[in-house]
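Shown next, in structure tokens, is the structure this report addresses.
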Amino acid sequence: MKKYDVIIIGAGVIGLSIAYNLGLKGCRSILVIEKKYISYGASGRCGGGIRQQWSTEENILLAKGSVEIFKRLSKELGINIWFRQGGYLFLSYNMDEYEKLKRAVKLQNSLGVNSILMNKGEIEKKYNYLNTDRVVGATFCPTDGTLFPFPVLWGYAERIRDMNITINEFEEVTGIKHDKKEYTIITNKNSYESDWVINAAGAWSSHIAALANIKLNNVPYRHEILVTEPIKKFMDPMIVSLKNGLYMSQTMRGEVIGGYGLAEKAMDFSMKSTTKFLKGVSHNFISMIPRLSEVRVLRQWAGLYDESPDGKPVIGEEEQHPKFMEVNGLGGHGFMLAPKIGEVVAEHICNEKEDIDLNKFTTSRFKKEISEKESFSLG
């Protein structure tokens, strides 16, 4: 039986970011266990949006910190992640939505995020390809952007292995035991002992927690996404509609990629595509940008969001299970928050001062009344 200081369950962007940041701090006794392969889960199925426009202080700080890391990550990992800061445009279609955007911008600005409000006339002048018939207003942040997810995963994995940290793919965790001193992780191939266990299993996080007799109330939701053939570049920002959850961006090669808020619980962990989504997203794409009516869809796919009860990340040790750390419940936003989360979790494990208070993210908050769900859980 091999002994490690830290075992991370899940080799998505969250698990890899944690392993990478621990490695930077000199921790090498780390095992990352992945039941399939790197990029199998949500990290390999996302749209690559990176934004700082949130309505809670904690998420804004995580996102802002992650953007700063993404700006240097290509050089740091030795691979081009294609991070491009073309901005994020949030469109509102009624005054209630617009008032929420106003409050959010005020908070974002107070924390150093340079988002702005836009009225209908400004939107029409700058984005003349948009159908603005029912648009009331919008917010825009020029330092938000997009990236190509796969090089981030590949880059993290390569640097992690360079540090002699172990990543075991195609190995499934089947049991977790705790004797108050250390954890025993049982898989379909082996058994391991560890001081720390990190549950970064995404949509499977509640299942992993249950193996340790921990009740985690996260629920997997299936979301779909598609990509079109390449067309001449006309769109810079990621565009998000607060009306129906639609989001879309255009890659540097010209493909339009996006989806909308059609989601359903996926307790069977199904990631199948549907014609219902294809019809719905096509209608919404054309309604927002009429010129897309003649564009052909190349491919569609689905992935699983890991949703916490209040829509906010779950990060921190379980009260009754010291050194069993939840890092999950990130919905569709794990990729955009992963670099800073990895840094803060590594600080916590190494007993260093954390520059973001993790107490706001622990599961102990669910013992209190559930707070209002994060306003911008789109895109």
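The values are calculated or read from the model by the stated rules, or taken from the named source; none is laboratory data. This one's a predicted model, so the numbers in the text were calculated from it and none came from an experiment. FYI the Cβ positions are ideal-geometry reconstructions off the backbone, even for glycines, and counts take in every protein chain you see. Ligands, DNA and RNA are excluded from the accessible area calculation, which covers all protein heavy atoms including side chains. Shrake-Rupley method; radii C 1.70, N 1.55, O 1.52, S 1.80 Å.
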Compute, for the chain, the length of the dipole vector about the Cα centre, with Cβ point charges of +1 (Lys, Arg) and -1 (Asp, Glu) only. Units Debye, rounded to 20.
860 debye
Expressed in angstrom and rounded, the centroid-to-centroid distance over alpha carbons for region 129-182 and region 252-325 is 14 Å
Of Gln250, Gln320, Gln53, which is the most mobile in a GNM of the chain whose springs link Cα atoms less than 10 angstrom apart?
Gln320
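Quick check for me: using +1 on Lys/Arg Cβ and -1 on Asp/Glu Cβ, what's the dipole size of region 238-379 about its Cα centre, in debye to the nearest 20?
On the way: 18 positive and 20 negative charges, 192 e Å.
That gives region 238-379 a dipole magnitude of about 920 debye.
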Debye, to nearest 20: dipole size of region 55-185, +1 on Lys, Arg Cβ, -1 on Asp, Glu Cβ
460 debye
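Which net charge results when you count Lys and Arg as +1 and Asp and Glu as -1 among the other residues whose beta-carbon is under 11 Å from that of Ala209?
Numbers: positive: Lys215; negative: Glu318, Glu326.
My count for the surroundings of Ala209 gives -1.
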How much of the accessible area of the chain, probe 1.4 Å, is carbon plus sulfur, in whole percent?
49 percent
For region 102-241, the per residue accessible area (1.4 Å probe, Å²) is 46 Å²
If you keep only loop residues by DSSP, which trypsin sites (Lys or Arg not before Pro) in region 140-196 have at most 12 other Cβ atoms within 10 Å of their Cβ?
Lys180, Lys181, Lys189
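Is the C-alpha gyration tensor of region 1-54 telling us rounded, prolate or oblate? Criteria: a/c under 1.5 is rounded; beyond that, a/b larger than b/c is prolate, otherwise oblate.
Working: a/c = 3.57, a/b = 1.57, b/c = 2.27.
Cα axes put region 1-54 in the oblate bin.
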Percent of beta bridges antiparallel (DSSP, the chain, rounded to nearest 5):
70 percent
Mean separation of Cα contacts under 8 Å, 6 or more apart, over the residue count of region 1-156: relative contact order %
29 percent
Using Cα springs under 10 Å in a Gaussian network model of the chain, which residue among Lys35, Lys367, Lys353 shows the largest mean-square fluctuation?
Lys367
Could you derive backbone 3J(HN,Hα) for region 149-159 from the dihedral phi with the Karplus parameters 6.51, -1.76 and 1.60 (θ = phi - 60°), listing whole Hz in sequence and x where the residue is Gly or Pro?
x, 4, x, 4, 5, 4, x, 4, 4, 5, 5
Among the lysines, select those whose C-alpha is under 26 Å from the C-alpha of Lys279, and discard any that sit fewer than 8 residues away in the same chain.
Lys232, Lys233, Lys243, Lys265
Per the helix-only model, the chain has a calculated mean residue ellipticity at 222 nm (DSSP H runs of ≥4, -39500 (n - 2.57) each, divided over all residues, rounded to the nearest 500) of -9000 deg cm²/dmol
Among Trp204, Ser241, Leu216, whose Cα projects farthest towards the positive end of the dipole of region 191-259, with charges put on the beta-carbon of Lys, Arg (+1) and Asp, Glu (-1)?
Ser241
In terms of the alpha carbon gyration tensor, root eigenvalues a ≥ b ≥ c, rounded if a/c is under 1.5 and otherwise prolate when a/b exceeds b/c or oblate, region 95-141 is oblate
Reported label for calculated P(r) over Cα pairs in 20 Å bins from 0, in percent given [x] 30, 58, 13, 0; [y] 27, 56, 13, 3, 0; [z] 25, 46, 25, 5
[x]
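What net charge do the residues around Ile69 carry, taking every other residue with its C-beta under 12 Å from that of Ile69, with Lys and Arg at +1 and Asp and Glu at -1?
Values: positive: Lys64, Lys71, Arg72, Lys75, Lys340; negative: Glu68, Glu76, Glu343.
Local charge sum for Ile69: +2.
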Springs between alpha-carbon pairs under 10 angstrom, Gaussian network model over the chain: which of Thr251, Thr132, Thr274 fluctuates most?
Thr274
